[in-house]
Amino acid sequence: MLESNQKPVTGNQKGTIVAVSISEKKGMKKRNVKSVELKENFGIVGDAHAGGKIRQVSLLAEESIQKMKDKGLKVNSGDFAENITTSGIDLLRLKIGDRLGLGKDALIEISQKGKECHTRCSIYYQAGDCVMPTEGIFGRVLKGGIVKPGDKVEVIDT
């Protein structure tokens, strides 16, 4: 749901899915897989974070990961515990309530921007910083589907 002072992002914002990642346990890096199944009102089948109400799927831009690489870290997609790594779409411009089409069928609604880290992760200790709390976004699955690297991601006008 949009906050009263926010408007959805519109206008052909399109990008590409670089990687899809899952983990069987919370609090660990995710491993890249060939594809994931998004399930409506659930999240990603086989991922430890699925089943929540607000943070069913996490996304992080490849551009955000590059910031950490520029600090000298050897990090890749999934290392920040994100499910979907994107490229070419400005995730930071998205607002709560914006919708993203993923692949051919899936649809998510942005439900949270950033997160509070209760404990410092290994990335934080390596770099003194981590991008997920400020640049990661989370969504609820409105429509399920199979998503894989190379698929499109785009803002859907509502």
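The values are calculated or read from the model by the stated rules, or taken from the named source; none is laboratory data. Because the structure is predicted, anything quoted here is derived from the model rather than measured. Cβ coordinates were reconstructed from backbone atoms using ideal geometry, including for glycine residues, and neighbour counts include every protein chain displayed.
The set of residues in segment 36-54 being surrounded by 14 or more Cβ atoms within 10 Å (Cβ to Cβ), part of a loop (DSSP other than H, G, I, E, B) and aliphatic (A, V, I, L, M) consists of Ala48, Ala50. Those residues that are basic (Lys, Arg) and surrounded by 17 or more Cβ atoms within 10 Å (Cβ to Cβ), I need them from segment 90-111; list them, please. Passing the criteria: only Arg99.
Restricting segment 1-35 to residues that are surrounded by 16 or more Cβ atoms within 10 Å (Cβ to Cβ) and modelled with pLDDT under 95 leaves a set whose member that is nearest to the chain's Cα centre (by Cα) is Lys30.
Residues that are outside any strand (DSSP E or B) and closer than 17 Å to Val36 by Cα within segment 80-112 comprise Ala81, Glu82, Asn83, Gly103, Lys104, Asp105, listed in sequence order.
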